[in-house]
1. Consider G78 against the criteria (1) surrounded by 16 or more Cβ atoms within 10 Å (Cβ to Cβ); (2) in a helix (DSSP H, G or I): it satisfies all of them except one. Which criterion is unmet?
2. So, in the range 96-128, exactly how many residues are within 30 Å of A183 (Cβ to Cβ), open to solvent by 100 Å² or more (accessible area, probe 1.4 Å) and in contact (Cβ under 8 Å) with a residue 12 or more places away in the chain?
3. Looking at (1) over 21 Å from A186 (Cα atoms); (2) over 16 Å from the mean Cα position of the chain (by Cα); (3) β-branched (V, I, T), which is the one condition that is false for V68?
4. What number of residues within the range 147-174 satisfy the criterion of being modelled with pLDDT under 70 and either open to solvent by less than 30 Å² (accessible area, probe 1.4 Å) or among the small types (G, A, S) (or both)?
5. Determine which single condition S31 fails, assuming it passes every other condition in (1) of a type in the set (S, T, N, Q); (2) within 25 Å of I142 (Cβ to Cβ); (3) out of contact with any Gly (no Cβ under 8 Å at 6 or more places or on another chain).
6. Does S31 fit the bill of being closer than 20 Å to S178 by Cβ, of a type in the set (S, T, N, Q), assigned to a helix (DSSP H, G or I) and touching a residue at least 40 places away in the same chain (Cβ under 8 Å)?
7. Confirm whether Q53 is in contact with an Asp or Glu (Cβ under 7 Å, 6 or more places away or on another chain) and polar (S, T, N, Q).
8. Of the residues that sit in the range 50-61 and are touching a residue at least 40 places away in the same chain (Cβ under 8 Å) and hydrophobic (A, V, I, L, M, F, W, C), which one is most open to solvent (accessible area, probe 1.4 Å)?
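The values are calculated or read from the model by the stated rules, or taken from the named source; none is laboratory data. Everything numeric in this text was worked out from a predicted model, so none of it was measured. Glycine also receives a Cβ, built like all others from the backbone with ideal geometry; neighbour counts cover every protein chain displayed. To get the accessible areas, we keep the full protein, side chains included, count just its heavy atoms, and leave off ligands, DNA and RNA. Shrake-Rupley method; radii C 1.70, N 1.55, O 1.52, S 1.80 Å.
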Amino acid sequence: MTSLLHHIHWRPGIHDPSLVGWIIFSGYLLSAAIAAWVGFKSSFDMPSETKKQLLWRIVGLVMILMAVNKQLDLQSLGIDIGRAVARSRGWYQSRRTFQKFFALAFGIIALGMFASALWYLRDILKDYYLLIIGFCFLGTFIVVRAAMFQHIHIDPPLTIPRIRIRWLFELAGSLLVSIAGIAEIAKKHPKSQKQS
């Protein structure tokens, strides 16, 4: 156990203290709060709307997890644990094969979960184009990050100095999720909107 811990370089703490990191983190928290408001505070009176309520609760949970991971960098902990286990079991020399298998398995599972969610929610998706596009941006960001951990560089330079395209995917994703949530709140509370 001690030898395993020796190979884990990840430490708890703030892993992206940059201004952009905090902006993205705040965007995730804002979209999580909006989604939680919709999922727990908005009234979904019709029995057919229970899927909408469940959807927004799951969106809130996903956005909280994205915020936590943004600053704690938990995927690095997972990679360190994987490397430590590979060293202790003698697989480290063949790690590229395991990395490719893991990336493939991760992609298949993620795609399967996304397809299953779309199928389950198919009757309400017409109301949530912005939410779907937002999650497509976030999904693309996750794929780019996973590819980077497999030593595949997918971050083309932009003309704006020091801007990374994955930041734009994160920001656009959380912004679209927030806008979709605000639109849902406006639909559910039209009276309060008119009074203000």
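1. Failing condition for G78: (1).
2. Going through the range 96-128 one residue at a time, the tally reaches 1.
3. Unmet condition: (2).
4. From the range 147-174, those modelled with pLDDT under 70 are 147-163; that's our starting set.
Cutting the leftovers down to either open to solvent by less than 30 Å² (accessible area, probe 1.4 Å) or among the small types (G, A, S) (or both) gives us 147, 155.
Number of matching residues: 2.
5. So the condition that S31 fails would be (3).
6. So S31 passes the test.
7. Working: in contact with an Asp or Glu (Cβ under 7 Å, 6 or more places away or on another chain): no; polar (S, T, N, Q): yes.
Against the criterion (in contact with an Asp or Glu (Cβ under 7 Å, 6 or more places away or on another chain) and polar (S, T, N, Q)), Q53 does not qualify.
8. The residue in question is L55.
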